[in-house]
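Down below is the structure, laid out as structure tokens.
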């Protein structure tokens, strides 16, 4: 969970299908292709486009009407991947790769899906609440969809972690990450300032991205249960998989042909475990210089 590759090689690879960011992008593309394929069937069958949205699309996007939502609770998740407009999808994928890559690189792969799902779900629930408060007689006419809320959460999370991160640092000192995030925020909110029913969901997704990192820095990982559930599901469908190998053991102790650390007078197993847990929760960059030096000295011990 969240261990970084400190050999200097990039940890994220577009061709690596075990990469959560790639998996998230693939899900966006699959939903786009599936929905447009069904839409094309309606078109070639000389059916009205409105019939596709009424009979198919509305089963994927989140309704503001409470009764419909209780009948289709899965839409809280499927609406985060449901978009049928090509240019919007391409734009979303570019932003998703930009901010998702930073989140994975800064705090680990296992934080990407939790931040995305929490942020998008918060936006959807706030949207439903706002519609029922401001437009109680028109709830059946409002629906929510698209990945922009989840991307907003990733953008704010990445900025909270490293606001001084710069794009293209060799060109005039680079562009600070907070400026890129501000641009994305304005693109998603400028048209909604007079419509709280659409503005507040965007703000709530940004707040969720910030809260996730704030609590993570306090030692509370909101995504831990998601990752535990994912591992449980993986083990459930792969019963032959060895379950005795601990992630920390495989990532830090069993490197090449080396054996695990031997306990020395100044290198204690308890402190090593404590530092590894800190890396797991907060990332390697949160270690102090003394702690980094300790781990480096420990790795040079006679193993």
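Residue check: is residue 156 over 14 Å from the mean Cα position of the chain (by Cα), at negative phi, surrounded by 19 or more Cβ atoms within 10 Å (Cβ to Cβ) and touching a residue at least 12 places away in the same chain (Cβ under 8 Å)?
Judged against the criteria, residue 156 is not a match.
With surrounded by 13 or more Cβ atoms within 10 Å (Cβ to Cβ) and at pLDDT 90 or above as the only criterion, which of 117, 106 stands out?
117
Just for helices (runs of 4 or more DSSP H) wholly inside the range 16-84: which have at least 1 residues that are assigned by TED's automatic domain parsing to the domain that holds residue 97 and over 24 Å from the mean Cα position of the chain (by Cα)?
20-44, 49-55, 66-71
Which one of these is in a loop (DSSP other than H, G, I, E, B), at pLDDT below 90 and surrounded by 17 or more Cβ atoms within 10 Å (Cβ to Cβ): 11, 4?
4
Could you grab me the full set of residues in the range 35-47 that are in contact with a helix residue (DSSP H, G or I) (Cβ under 8 Å, 6 or more places away or on another chain) and farther than 22 Å from residue 148 by Cβ?
38, 42, 43
Here is a check on your reading of the model: is residue 164 over 20 Å from residue 109 (Cα atoms) and loosely packed, with under 11 Cβ neighbours inside 10 Å?
Yes, satisfied.
Looking at this structure, is residue 93 in contact with a strand residue (DSSP E or B) (Cβ under 8 Å, 6 or more places away or on another chain) and closer than 22 Å to residue 157 by Cβ?
Considered against the rule, which asks whether it is in contact with a strand residue (DSSP E or B) (Cβ under 8 Å, 6 or more places away or on another chain) and closer than 22 Å to residue 157 by Cβ, residue 93 comes out as no.
Which residues, counting only those in the range 139-177, are farther than 13 Å from residue 100 by Cα, in a loop (DSSP other than H, G, I, E, B) and at pLDDT 90 or above?
Matches in the range 139-177: 142, 145.
Just to be sure before I move on: is residue 125 modelled with pLDDT of 90 or more, under 22 Å from residue 96 (Cα atoms) and not in a helix (DSSP H, G or I) in the structure I sent?
Against the criterion (modelled with pLDDT of 90 or more, under 22 Å from residue 96 (Cα atoms) and not in a helix (DSSP H, G or I)), residue 125 does not qualify.
What do you reckon, is residue 240 at pLDDT 55 or above and farther than 24 Å from residue 118 by Cα?
Criteria met by residue 240.
Go through 207, 200, 222, 186 for me and flag whichever is at pLDDT below 95, assigned to a helix (DSSP H, G or I) and more than 18 Å from residue 95 (Cβ to Cβ).
Being at pLDDT below 95, assigned to a helix (DSSP H, G or I) and more than 18 Å from residue 95 (Cβ to Cβ) holds for just one of 207, 200, 222, 186, which is 200.
In the list 127, 192, which residue meets the criterion of being crowded, with 21+ Cβ neighbours inside 10 Å and over 19 Å from the mean Cα position of the chain (by Cα)?
Exactly one residue qualifies, and that residue is 127.
Just to be sure, is residue 94 without any contact (Cβ under 8 Å) to a residue 60 or more places away in the chain and assigned to a helix (DSSP H, G or I)?
So residue 94 fits the description; yes.
Is one or more of the residues making up the range 43-56 touching a residue at least 40 places away in the same chain (Cβ under 8 Å) and surrounded by 12 or more Cβ atoms within 10 Å (Cβ to Cβ)?
Scanning the range 43-56 turns up no residue that is touching a residue at least 40 places away in the same chain (Cβ under 8 Å) and surrounded by 12 or more Cβ atoms within 10 Å (Cβ to Cβ).
The values are calculated or read from the model by the stated rules, or taken from the named source; none is laboratory data. Not measured: the values here are computed from a predicted model. Please note: Cβ atoms are built from the backbone with ideal geometry, for glycine as well, and neighbour counts cover all protein chains shown.
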